[in-house]
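Since the structure comes first, as structure tokens, the remarks are kept for the end.
Since every read-out is calculated from the coordinates, none of them should be taken as a lab result. As the structure is a computational prediction, the values presented were derived from the model and not from experiment. Cβ placement follows ideal geometry from the backbone for every residue including glycine, while neighbour counts extend to all protein chains displayed.
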Amino acid sequence: MLVVSRQIPERGQPGDGDSEGIDALVAQAAANDESAWVELIGLYSRRVYALSRSRLHDPHVAEEITQSVFVTVFQQLTSGRYQAENRFEAWLFRIAMNRVRDHIRRTSRLPTHNSEKANLETPSASGWLQNGDETDRLRGAIDSLPDSDQEILALRHQAGMEFKAIAAMLDEPVGTLLARHHRALGKLRKLLDPASATESAS
Amino acid sequence: MNHNEEHHEIIDSLERLAERHRAEADDGFESRILDAATQPLPAHRHQRKTRSTAWIPFATAAAVGVFAYMWFPRSAIPVPGQEDDQVVAAATPDESSAADLWLVSIETMEELIAGSDDFGDSLEWIELQIDATESEFDSELDWYQIGESL
């Protein structure tokens, strides 16, 4: 087995942006090295899952989306169509985010009975804010935010991406994303604890 | 993270939520993802690369349409809307009459106008003759004279 010296983060945890190590791993995976695939999936699959899970609230759908993302990644890498050198992470999470957006679009067009079913599975944001535990309240508050705020929080915290990688993925300046992230956190704080947000502002 | 010091509690909450999501999937999660990613594609996906024959009925229908247009016998009577005809006037049928008047070409129009002039002239000439000879038909004698002359 080919051994590549690189710094690999703990399984499922965001890395420290060691793009050279990741690129070497991706190159091995592209050569159909199964151990490289095991490592790549170990590194990123739970982060992709967390991203999907936070936006869709359904663990089964999140796993399906994660699978479809890695099927695409495998096909692209092994067929030689992968052209995003040094930007693997941005490329991977762009695929994931597009799948999540597609799913949201599709389900929003479904007839009423499916929407009702979804409502049963995912209580309203206000319900969570009033009655749930800390996690439920946080999820409810995130759901109350605009889509762009939800996306930046999901990419930064659920996917564990660096702002530089998010900027590459969304093709926006890092400064813009930092400001958007800061605003989203402020809104979230205000939703979860209006009193402390008012004190802080004064 | 300097720009978000004031939000450190929220950030901690978000990180805890992310940890919870990442840990939510069971131990076999990675194996399932690996199996799904590396399994060969179903055969039908490759078969779709073969040349499609779906175009044949459409092409056939288009060819039949073209030949029908080229070879279908045309009516000798000018019909409104046909090539080289210019509609200059049209009358829609009313309820009491089934007759349609279609003036379908410049030539037809001119013929009708010329014909109506001749007919009008003839009528005027006959009226003048009648007026001129009216006094001559006053007596039976005149009628006999006319009869003899015929």
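Values computed for the structure shown
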| item | result |
| --- | --- |
| Within-10-Å neighbourhood charge of B:Glu9 [Cβ basis; K, R +1; D, E -1] | -2 |
| Shielding by partners, peptide A:147-155 (average Cβ within 10 angstrom, other chains) | 1 |
| Cβ-based net charge around A:Gln150, under 14 Å, with every Lys or Arg adding one and every Asp or Glu removing one | +4 |
| Per-residue mean of C-beta atoms belonging to partner chains within 10 Å, peptide B:7-13 | 6 |
| Burial order of peptide ranges B:21-27, A:153-159, A:101-107, A:182-188 (average beta-carbon count within 10 Å, highest first) | A:153-159, A:182-188, B:21-27, A:101-107 |
